[in-house]
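Chemist: There's a structure below that I have some questions on.
The values are calculated or read from the model by the stated rules, or taken from the named source; none is laboratory data. Not measured: the values here are computed from a predicted model. FYI the Cβ positions are ideal-geometry reconstructions off the backbone, even for glycines, and counts take in every protein chain you see. Please note that ligands, DNA and RNA were not included when accessible areas were found on the heavy atoms of the full protein model with its side chains. Shrake-Rupley method; radii C 1.70, N 1.55, O 1.52, S 1.80 Å.
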Amino acid sequence: MERITATYYIETPFEVAKAAAVLAGEQSSGTFVSVPNETEELKQRFAARVESIEHLETVTEPAIPGANSKDGKYHRAIVKVSWSIENFGFNLPVMVSTLQGNLYEITQFTGLKLMDIDLPESYANHYSGAKFGIEGCRKLTNVHDRPLIGTIIKPSIGMSPEQTADIVKTLAEAGIDFVKDDELMGSSANSTFENRLDVVMKVINDYADKTGKKIMYAFNITGEVDEMQDRYEKVVNAGGTCAMISINSVGLSATKKICDNGTLAIHAHRNGWGMMTRHPLLGIDFKAYQKIWRLAGVDQLHVNGIQNKFWETDDSVVNSIQSLKEPFSHHKNILPVVSSGQWGGQAFETYRRTQTVDLLYMAGGGIMAHPMGAAAGVVALQQAWKATVDGLTLEEARNQYKEFDKAAEKFGK
């Protein structure tokens, strides 16, 4: 029977092989003590296996609380553990419970992070993955050979539907490709989902009728499952092309259920991501995380941004973008969403480090707070990406483009 293999970065005060065996037992057929029905036949079929151990450094301070070391030493290693797919079948929540469940609570570990997941082809093939992916999103927006330029409605919450629609109209006329609700905006007291949908889609549809360009607007449908389905259908009926879900808030099953509808591109916002990965020896690495959500079927996934306003390093952001470029079974590649304190100035380093324009490049304040107005903010981002792809330096772009120069005066460090 085929097996799924997970790679972990661990720290333990015990012998690494014994700690890895505890992990394998706890997450399959074993428990803290032998039980009568755990026969050799059962273990042969259902027990997890430790496939390999790569010893790394030894340290004298634990990364997180756990068992105390008797000799003051804590050993770090890369451990690969595999499970038969018989254990959970084609069931993503149970698979994740197996690969990420109680193992984080096991006292033998003073550090544990899921780094990667290797799936057999047949398992990945069972899931259809993204319905649109990069090429589908390009087709929906009619944007080719450059990044999609996007923004987030700011202020995040508090504006009326009419104020939001006015901003969308300004952005549309400036040539924006993508706009999204902030993750804090669902259905507020002064901006219900239905009212916002109606007035924003009127602007988008009117502009599309006039020019042929239809902006992709990601309406935040995050909520209870039935509520999300209802909102999804309303977006479809209004002529929308995209819905946003806060995937860590609603969970894997709810996200997959919405993705399975297959009519709208799904913008996956990963807010809450920091608590899953910020500690270097706890949680999950993006390389493993993105595979789970690609199985669920999202089309766009946040990766943070170069020189961002959060904690994540540029190397981490680049690695995340690269992981989304890697082939994944028959699945479409999904669109990396670059955001977090972005303006046109970071486009140069982003392109230098990634050598790709298959991005949704978003700036909230970097567009909305442009000194010449939001429309100029859109133009400045377009200019920045054209300049970097054309091989210009940031200073050369400033000399050539007025809107970008003003953005550099405002946002440059």
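Chemist: Return only the number of the condition from (1) in contact (Cβ under 8 Å) with a residue 24 or more places away in the chain; (2) surrounded by fewer than 18 Cβ atoms within 10 Å (Cβ to Cβ) that GLN355 does not satisfy.
Modeler: Only one criterion is unmet by GLN355, namely (1).
Chemist: Can you spot a residue in the range 66-86 that is in a loop (DSSP other than H, G, I, E, B) and surrounded by 20 or more Cβ atoms within 10 Å (Cβ to Cβ)?
Modeler: The answer is yes; a qualifying residue exists.
Chemist: How about the range 166-251: which strands (runs of 3 or more DSSP E) wholly inside it have at least 3 residues that are within 16 Å of VAL337 (Cβ to Cβ) and touching a Cys at 6+ places or on another chain (Cβ under 9 Å)?
Modeler: Fully inside the range 166-251 and qualifying: 216-220.
Chemist: A further question follows. State yes or no: is LEU301 within 22 Å of SER128 (Cα to Cα), open to solvent by less than 10 Å² (accessible area, probe 1.4 Å) and part of a strand (DSSP E or B)?
Modeler: yes
Chemist: Looking only at the range 125-166, how many residues end up being open to solvent by 30 Å² or more (accessible area, probe 1.4 Å) and touching a residue at least 40 places away in the same chain (Cβ under 8 Å)?
Modeler: 10
Chemist: Okay, next question. Quick one: in the range 284-326, which of the residues that are charged (D, E, K, R) and in contact with a strand residue (DSSP E or B) (Cβ under 9 Å, 6 or more places away or on another chain) is nearest to GLY341 (Cα to Cα)?
Modeler: Among residues in the range 284-326 that are charged (D, E, K, R) and in contact with a strand residue (DSSP E or B) (Cβ under 9 Å, 6 or more places away or on another chain), the one nearest to GLY341 (Cα to Cα) is GLU312.
Chemist: Is there a residue being at pLDDT below 95 and charged (D, E, K, R) anywhere in the range 103-112?
Modeler: There is at least one residue in the range 103-112 that is at pLDDT below 95 and charged (D, E, K, R).
Chemist: Being exposed (fewer than 15 other Cβ atoms within 10 Å of the Cβ) and under 22 Å from the mean Cα position of the chain (by Cα), is that true of even one residue in the range 230-247?
Modeler: No, there is no match, as no residue in the range 230-247 is exposed (fewer than 15 other Cβ atoms within 10 Å of the Cβ) and under 22 Å from the mean Cα position of the chain (by Cα).
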